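These notes concern the structure reproduced below.
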Amino acid sequence: MSPPQVPDSRNSSTELLISDEDEEFKTFYPEIQSLVTIIVPVCFGIIALTGFFGNTLVILVVLFNKKMHSTTNLLIVNLAVADLLFVVLCIPFTGTDYVMENWPFGDTWCRIVHYLIVVTALASIYTLVLMSVDRFLAVVHPIRSRILRSKKVIKISCVIILWIAIVTITAPVIMLHGTVKYKPLGVTMVTCCFKNSNSFLSVADYQITFFAGSYLFPLMTISGLYLRMITRLWRQGGDIRMSVESQRGRKRVTRLVVVLVITFALLWLPIQLILLLKALNLYHATTKLKVVLQIVAQLLAYTSSCINPVLYAFLSDNFRKAFLKAINCSKQEKCVSTTLPPLRKTSCSRTSTTGV
């Protein structure tokens, strides 16, 4: 685990010198380090394994069951892909960074890891935005939005527009991070972090931008959509003509999306606030409690990459049945798409757009 780093104002290179924060850190660093090297790898390992198998199962269940190829489920697959990339390409290296005193993977991979963390985080939250827009159109404009909510449009908006936009816009992140040398305890060490020596963006501006773009703005957008939607969804009668079962189906899907959004918001809130306060020089990890809080906050944020499959299993009958069928088939070493459970029979062709 890396002690706090403070740039040396007397040196324009990437060398960092010991600071007052480091002096305070010395007193509890050995105790924290011994604790972190045991607990963090175990927690990260559980998150990584759960996230890998859970998200892989979600992707396979949807892809191999054509009856589950609904617009909502395609967005769920996109969310699972983002979480899977994060689990495979980010968590192992972040966990290693906690255990080892020096970043062992070099400058290039340091930049790539930070870039992928930002890309996958944005892909997750803006997939949730798309899911909320899909629910809004399904509830408020169920007839006029059928073409807009088609599977072809969803594929284009997710795979082509969303991913290309995120990958392109976040490209500067590669230039803003890198390996940095510092001397926290009188010994030169190497860490992977934001480079204060860059002339493009300060750490405060970067963190404010990340907080606004990856958390505040998308959640405000989602909240606005649901405030507009909820009065229409739960209103009795109205001008939306559909069967009682179809209305229940739409409510089930909307409930699932709402739970996903709330879970993401709650799990990412602590680390977003801590990073923002640190960037504004309002939070200093100079006590054991503050260091532990930061580690717990990061663990909570990473948990968001593995918890979604668990939510699907609890909130969606079709996903739960499909998961159980897939697991049973894997034990019997035979599993074909036709063995997956069919969707519930409902009227008004609900399964063509929701199907969860």
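Brief remarks follow.
- Paramagnetic label zone (point 7 Å from Cα along Cα-to-C-beta, GLN33; backbone N under 15 Å) in the stretch 188-205: 188-191
- Modelled FRET efficiency - R0 35 Å, LYS325 with PHE200, Cβ distances, 0.05 increments: 0.10
- If the chain linking VAL153 and ARG228 were pulled fully straight, counting 0.36 nm for each residue of separation and taking away their Cα-Cα distance, it would gain 24.7 nm.
- Put a plus charge on the Cβ of each Lys and Arg, a minus charge on the Cβ of each Asp and Glu, and nothing anywhere else: the dipole of the stretch 14-327 about its Cα centre is then about 2320 debye.
- For the stretch 109-156, applying the loop criterion from DSSP together with a ceiling of 10 other beta carbons within 10 Å to the trypsin sites (Lys or Arg not before Pro) yields ARG144.
- Solvent accessible area, Å² - MET220, 1.4 Å probe, full protein context: 120
- Short-range pairs are left out: with C-alpha atoms under 8 Å and at least six residues apart, the relative contact order of the stretch 14-327 is 26 percent.
- Rounded to whole Hz, the Karplus (6.51, -1.76, 1.60) HN-Hα couplings of the stretch 129-140, x for glycine and proline: 5, 4, 5, 5, 5, 4, 5, 4, 5, 5, 8, 7
- Sorting the segments 36-47, 194-205 by their mean number of nearby beta carbons within 10 angstrom, highest to lowest, gives 36-47, 194-205.
- Ordering of 121-128, 312-319, 98-105 by packing [mean C-beta count within 10 Å, highest first]: 121-128, 312-319, 98-105
- Difference of contour (0.36 nm per residue) and Cα-Cα distance, ILE174 to ILE161: 2.6 nm
The values are calculated or read from the model by the stated rules, or taken from the named source; none is laboratory data. Note that this is a predicted model, so its numbers are computed, not measured. Cβ atoms come from the backbone with ideal geometry, glycine included; neighbour counts cover every protein chain shown. These area figures cover heavy atoms from the full protein model, side chains too; ligands, DNA and RNA do not enter into them. Shrake-Rupley method; radii C 1.70, N 1.55, O 1.52, S 1.80 Å.
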